[in-house]
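Reviewing the structure listed below.
The values are calculated or read from the model by the stated rules, or taken from the named source; none is laboratory data. No experiment lies behind these values; they were computed from the predicted model shown. For neighbour counting, all protein chains shown are included, and Cβ atoms are generated from backbone atoms with ideal geometry for every residue, glycine included. These area figures cover heavy atoms from the full protein model, side chains too; ligands, DNA and RNA do not enter into them. Shrake-Rupley method; radii C 1.70, N 1.55, O 1.52, S 1.80 Å.
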Amino acid sequence: MACSRLGQWLTLLVCLLVLLKAESHPVALTLVENAVAKGAVCLDGSAPAYHFDKGFGAGINNWLVHVEGGGWCNTVEDCLDRKSNYRGSSTKMEKTMSFSGVLGNKPKTNPDFYNWNRIKVRYCDGSSFTGDVEAVDPATNLHFRGARVFRAIIDDLLAKGMKNAQNALLSGCSAGGLTSILHCDNFRSLLPVGTKVKCLADAGYFINAKTLSGSQHIQDFYSEVVALHGSVKNLPASCTSRMSPGLCFFPQNVVPLTRTPIFFVNAAYDWWQIRHILAPDVADPEGAWKKCKLNIKNCSPSQLQTMLEFRLQFLKTIAGASNSSSHGWFIHSCYAHCQIEFQETWLAADSPMLSKTTIAEAVGDWYYDLTPFRKIDCPYPCNPTCKNA
């Protein structure tokens, strides 16, 4: 009986891997070697990089620039750890990367962007591409040059044809989603006046909330990131002139000042924010939230109530900041984080839905000004299309 069950699971796993392979395709790594002379480098001093799948047909002059996520480093020690892997060095990055979801090249699975020029920018600076410190400590050889990296990559893409863009979308996941918010107006300014430009932030709307114990953990963390990387000069001056630079790392303080349209894809129960903003280990020394953070189904009624209160704070924050009619959002009640790069959550038969609409459909209709989309889900566990519900 056990062998029979194991065989069934292996068959299912093989079928799943075949399906995922069919819905994705490998794209080679491109190094921006000429950026090194400009000081636009990863944490370890290596060249920045991206994966580029060229557009075709009617999409040849349309560009989707998607920024990889991967957290931030707020101390020298933390940045040194990143320097030893692909989050801080292009020498450690894989030579090819599979594209799917919003980066896919098939009309059935990515109908609005499949034939665009699709780029995935590799994240190797640890500051959501905001850092710029000229000095390099020889003892660590750490380069805090994220803002220069962003500009060097955009310049490289402009030279490869993006200067002729008719449509452009800057997107990103997690720390990359935050990049798409912080750099949204900047991205708009680097493209021709006649280009239709919008931004898409997936799981990038991090809120300034206190922990379970009442501490300001994420606020302190972001302030340390901004200070270490010298980010202040690359954050919106309209924000930094009004408040502490660290607070300008939070979308709620930047979005009201952003002129370019942004669409927010986010879970109201975003597992990264639950684990690192609401209930980080430092605020839960006894580990009472450990099982709950791993799987929302393990949460006690009192923990679910605390998460519901966090959800309400998140919804109040995003609704209050995103008051422009040009913005849109898809906020569901799934326990999720980063969804647009994965086919199963972007556009599939069992993808998460709001008002019978998938994320891909909502984003496409919003980008092309067909239908405004501002939908917020009911509280967990009401949505049957959630994978965890």
message = Of all residues being open to solvent by 10 Å² or more (accessible area, probe 1.4 Å) and outside any loop (DSSP other than H, G, I, E, B) in region 323-349, which is farthest from Asn266 (Cα to Cα)? Just the residue, please.
response = Glu344
ask   = Which of the following residues is open to solvent by 30 Å² or more (accessible area, probe 1.4 Å) and either out of contact with any Gly (no Cβ under 8 Å at 6 or more places or on another chain) or without any contact (Cβ under 8 Å) to a residue 12 or more places away in the chain (or both): Pro301, Pro352?
value = Pro301
query = Name the residues in region 286-298 that are in a helix (DSSP H, G or I), of a type outside the set (S, T, N, Q) and either in contact with a strand residue (DSSP E or B) (Cβ under 8 Å, 6 or more places away or on another chain) or surrounded by fewer than 20 Cβ atoms within 10 Å (Cβ to Cβ) (or both), would you?
reply = Lys290, Lys291, Leu294, Lys297
key: region 160-177 - residue that is in a helix (DSSP H, G or I) and within 23 Å of Ala58 (Cβ to Cβ) and, of those, most open to solvent (accessible area, probe 1.4 Å)   = Lys163
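In this structure, does Pro261 turn out to be open to solvent by 10 Å² or more (accessible area, probe 1.4 Å) and in contact (Cβ under 8 Å) with a residue 60 or more places away in the chain? Please lay out each step first, then the result.
On the way: open to solvent by 10 Å² or more (accessible area, probe 1.4 Å): yes; in contact (Cβ under 8 Å) with a residue 60 or more places away in the chain: yes.
Here the answer is yes, as Pro261 does meet what is asked.
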ask   = For Ala139, all conditions in the list (1) of a type in the set (A, V, I, L, M); (2) farther than 17 Å from Ala40 by Cα; (3) surrounded by fewer than 24 Cβ atoms within 10 Å (Cβ to Cβ); (4) touching a residue at least 60 places away in the same chain (Cβ under 8 Å) hold save one; what is the number of the exception?
value = (4)
query = Among the residues of region 355-373, is any touching a helix residue (DSSP H, G or I) at 6+ places or on another chain (Cβ under 8 Å), of a type in the set (Gly, Ala, Ser), in a loop (DSSP other than H, G, I, E, B) and open to solvent by less than 10 Å² (accessible area, probe 1.4 Å)?
reply = no
